[in-house]
Amino acid sequence: MSSLSGRLLATNFGSPPGVTVGDKYVRSLWHITYYIGTPLAALVVGLIIWCLVRYRVKPGEEHRVPAQFQYHIPLEVAYTIIPLILVAVIFGFLYGGEDKITNVSKNPAIKITAEGFQWGWRFTYPNGHQEQGTYQAETNINSVANLPVLYMPANETVQIRLISDDVDHGFYIPAFLFQRDMIPGVNNVVDLNVTKTGTYLGECDQLCGVYHSYMRFKVDVMPPSTFNSWMSSQAPHSITNAGVHQ
Ligand SMILES: [Cu+2]
């Protein structure tokens, strides 16, 4: 293991370093489950090994029956209460983290509607401009060239309304450590504030039909000035079809 990946593992427990303002809450939940789960796993595995060694059958003891006891109330209370406390603690952290992640701003820099459908994406901007792309029969699953693009500014609150035209889809951008379902008839509104410019891959993560695995998109996070000039060069209510333009 290289020292870099060793350092990453030590600091992030294998989780990717996030690129959004909100992903620290997701990462801290990931870490907390490690903090609680690692000693617990060590304890359980340790006890199993101890039992194997301590109570192994020795020569001449083949018919020995271990001590039998039941209704050991303190023991039963302990192994009921301790897991309940652990679940309650994890639930508390989860609730706190989710509360921050789902919190949406009243004054986002821009509002975008992201629409999922079988099998593609449509991103609608405030002036009615749309970026869209659908599965095409000749699509190469490994190609990202013809994917629809979600353009957004970096370091600003981008509010995205997630809707579905048909069945359940999932708006998932792994690099953002972010996922939210897109459910027909439900308005899921989320805020994303990306701190690093670049191109990221997004995908549908709810099995939504035959070409679900082709349902991907790109996210182009640009400096705000670049985004603004891109935005102002898009005619109102124009439509850009992925794979057709450029
Ligand atoms: Cu889908």
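Kindly state which strands (runs of 3 or more DSSP E) lie completely within the stretch 74-190 and contain at least 1 residues that are touching a residue at least 60 places away in the same chain (Cβ under 8 Å), within 16 Å of the ligand (Cβ to nearest atom) and surrounded by 12 or more Cβ atoms within 10 Å (Cβ to Cβ). Before you say what the answer is, go through the steps one by one.
On the way: elements: 110-117, 120-124, 130-134, 149-153, 158-164, 169-173, 178-182.
Hits in the stretch 74-190: 110-117, 120-124, 130-134, 149-153, 178-182.
Of the conditions (1) under 20 Å from residue 111 (Cβ atoms); (2) out of contact with any Leu (no Cβ under 7 Å at 6 or more places or on another chain); (3) modelled with pLDDT under 95, residue 210 satisfies every one except a single condition; which number is it?
(1)
Could you run through the stretch 37-73 and say how many residues are farther than 30 Å from residue 91 by Cβ and in a loop (DSSP other than H, G, I, E, B)?
Initially, the stretch 37-73 is screened for residues farther than 30 Å from residue 91 by Cβ, giving 49-71.
Now drop any that are not in a loop (DSSP other than H, G, I, E, B), which leaves 55-71.
Of the residues in that region, 17 qualify.
Of all residues being of a type in the set (Val, Ile, Thr) and loosely packed, with under 11 Cβ neighbours inside 10 Å in the stretch 33-47, which is nearest to residue 87 (Cα to Cα)? Just the residue, please. Full working, then the answer.
Residues of the stretch 33-47 that are of a type in the set (Val, Ile, Thr), as a first pass: 33, 36, 38, 44-45.
Restricting the remaining residues to those that are loosely packed, with under 11 Cβ neighbours inside 10 Å gives 44-45.
Numbers: 44: 17, 45: 20 Å.
Going through the qualifying residues, I end up with 44.
Give the residue that is nearest to residue 175 (Cα to Cα), with candidates limited to residues of the stretch 191-232 that are away from the ligand (no atom under 16 Å from the Cβ) and touching an Asp or Glu at 6+ places or on another chain (Cβ under 7 Å).
Among them, the one singled out is 199.
Checking residue 236 against (1) out of contact with any Lys or Arg (no Cβ under 8 Å at 6 or more places or on another chain); (2) within 16 Å of the ligand (Cβ to nearest atom); (3) in contact (Cβ under 8 Å) with a residue 60 or more places away in the chain, which single condition isn't satisfied?
Residue 236 satisfies every listed condition except (2).
Would you check which residues across the stretch 123-144 are modelled with pLDDT under 85 and touching a strand residue (DSSP E or B) at 6+ places or on another chain (Cβ under 7 Å) and list them?
135, 144
Can residue 14 be described as without any contact (Cβ under 8 Å) to a residue 12 or more places away in the chain and not in a helix (DSSP H, G or I)?
Considered against the rule, which asks whether it is without any contact (Cβ under 8 Å) to a residue 12 or more places away in the chain and not in a helix (DSSP H, G or I), residue 14 comes out as yes.
The values are calculated or read from the model by the stated rules, or taken from the named source; none is laboratory data. Fair warning: this is a prediction, and the values are worked out from it, not measured in the lab. For neighbour counting, all protein chains shown are included, and Cβ atoms are generated from backbone atoms with ideal geometry for every residue, glycine included.
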